[in-house]
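Below is one structure; the comments refer to it alone.
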Amino acid sequence: MSRRSTHPIVAFVSYRAATPDGDGGNHRTYQILHDVQAEFGCDGVVHVAFEDWATRRESWQSYRRGPVAGMQVLPRRLRQRVLRITENPYNLLSREGWSQRARFGTRGVLPREFCEQYVDRVLRRGVSIGLVDHALFDQIRQLNARAGVATLVATHNLESLDAGGVRFASRVATQRNGIDFGNELWSLSRFAERLAISKIETAVLNGVGLSCQFYPYVAIGEVQAQLVRIAVERGKRRPDPRLFAVIGTAFHAPTRRSLEWFIEHVARHGLPGNTRAVLVGSHVDQLVPRGCHLLGLEVRGRVSDAELADLLARAGTALVPQRMGFGALTRIAELSCAGVPSLVFPHAGRAIDLPPGAQVLKDDAWCTLVDGICQATDAQPTIEPEDYRAWEERQARPLGPALRRVLAE
């Protein structure tokens with residue numbers, strides 16, 4: 001039995017680490033943790049990040065070898081695979097279904113040691129309410145439920161519909177995706193409350209009868225402080241109106257495919273006039289075909305925080321050519337906080353309440369993007385700090401009240 005504290009204790013289990021470094025996923029987790037701590041105090045929150053757990057050598061040694069060896073480990077792994085396959089029988093037809101890694105799933109996905117350590121080190125110490133941010137943590141929800149603890153979910157994405165895994169090559173492949181989506185909806189329906197980073201996901205879940213609140217991303221803490229420093233630096237110098245920044249990571253499939261589209265069109269047509277752009281992000285340099293000439297585009301790959309800050313201080317405008325995907329792009333809000341205007345494709349613009357300086361183009365055609373680049377070069381748009389602060393004040397902060405309401409119930 002767990003021992004309940006006189007003060008509420010929130011157990012927050014996240015997929016990504018909560019760090020001001022890293023990418024948008026890390027920053028969103030950092031925001032969630034900050035908001036929960038602001039509501040319940042640092043001592044009232046226990047945070048476990050699967051990303052941190054998985055990178056600790058002793059954790060993976062425990063998972064891979066286990067306390068016992070050889071054939072005794074086999075039943076455990078076999079049970080996990082059976083759970084994954086029975087959740088979506090179409091996995092029987094794919095190599096992925098028999099591997100140790102799964103693209104999506106809510107059963108048999110988490111390492112057993114992770115769940116055991118969560119019960120021993122967190123749940124048994126006394127937890128009042130749970131919070132997770134990914135559908136695969138349905139196993140954590142079940143563990144909490146057995147201890148009489150309700151759980152909320154604040155999702156980053158509709159994970160089963162990630163563009164990297166959805167395939168329309170055949171009816172069978174499409175049906176497999178449909179079963180994954182059904183399993184994700186079933187998992188989400190079991191939580192006490194749902195919050196989503198995107199207006200699109202919020203509308204989808206409300207549309208099928210699941211209550212869901214829009215929980216927008218806002219830069220916070222050290223992330224916000226760094227962006228404000230960039231905005232101050234931009235005020236001291238004159239950004240180059242012919243220099244454009246493009247930020248993304250090749251790890252995220254929707255972003256990768258959008259950047260591939262952008263690179264392909266630059267290779268074919270080049271950037272207009274005397275404009276130039278710098279593309280930065282993890283592994284984006286691998287998206288450029290060997291021997292490909294990119295007129296006006298410099299691809300750097302991953303850069304340091306100092307290099308990124310320098311680029312954003314010098315660039316006149318940022319380009320956000322996101323053409324697909326769920327979730328919301330944290331960089332749109334962060335660019336505005338840094339005082340950098342942005343040209344945004346319509347799909348990405350629909351997910352959020354647009355901050356100052358974010359201009360949504362009428363469509364995602366190359367000619368429309370070129371027109372936007374030319375207009376930004378001539379107009380040299382700017383963002384007033386007070387306009388950003390007013391936008392930030394308007395953004396909903398529903399997480400703390402939602403946790404309090406479920407606790408009261």
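Of the helices (runs of 4 or more DSSP H) entirely within segment 47-162, those holding at least 2 residues that are among the aliphatic types (A, V, I, L, M) and at pLDDT 65 or above occupy 74-87, 138-146. The set of residues in segment 202-214 being outside any loop (DSSP other than H, G, I, E, B) and under 24 Å from GLU409 (Cβ atoms) consists of THR202, LEU205, ASN206, GLN213, PHE214. Of the residues SER198, SER187, only one is surrounded by 20 or more Cβ atoms within 10 Å (Cβ to Cβ), of a type in the set (Gly, Ala, Ser) and closer than 23 Å to THR19 by Cβ; which? Of the residues listed, the single one that is surrounded by 20 or more Cβ atoms within 10 Å (Cβ to Cβ), of a type in the set (Gly, Ala, Ser) and closer than 23 Å to THR19 by Cβ is SER198. Taking the criterion of being out of contact with any strand residue (DSSP E or B) (no Cβ under 8 Å at 6 or more places or on another chain), crowded, with 24+ Cβ neighbours inside 10 Å, farther than 21 Å from GLN31 by Cα and touching a residue at least 12 places away in the same chain (Cβ under 8 Å), would at least one residue in segment 154-166 satisfy it? Yes. Among the numbered criteria (1) in contact with a Ser or Thr (Cβ under 8 Å, 6 or more places away or on another chain); (2) at pLDDT 95 or above; (3) closer than 19 Å to ILE129 by Cβ, which single criterion is violated by ARG4? ARG4 satisfies every listed condition except (2). The residue that is farthest from the chain's Cα centre (by Cα), counting only those in segment 187-224 that are of a type in the set (S, T, N, Q) and closer than 23 Å to ASN88 by Cβ, is SER189.
The values are calculated or read from the model by the stated rules, or taken from the named source; none is laboratory data. Please read these numbers as outputs of a predicted model, since none were measured by experiment. Counting neighbours? That spans all protein chains shown, and the Cβs are built from the backbone with ideal geometry, glycine included.
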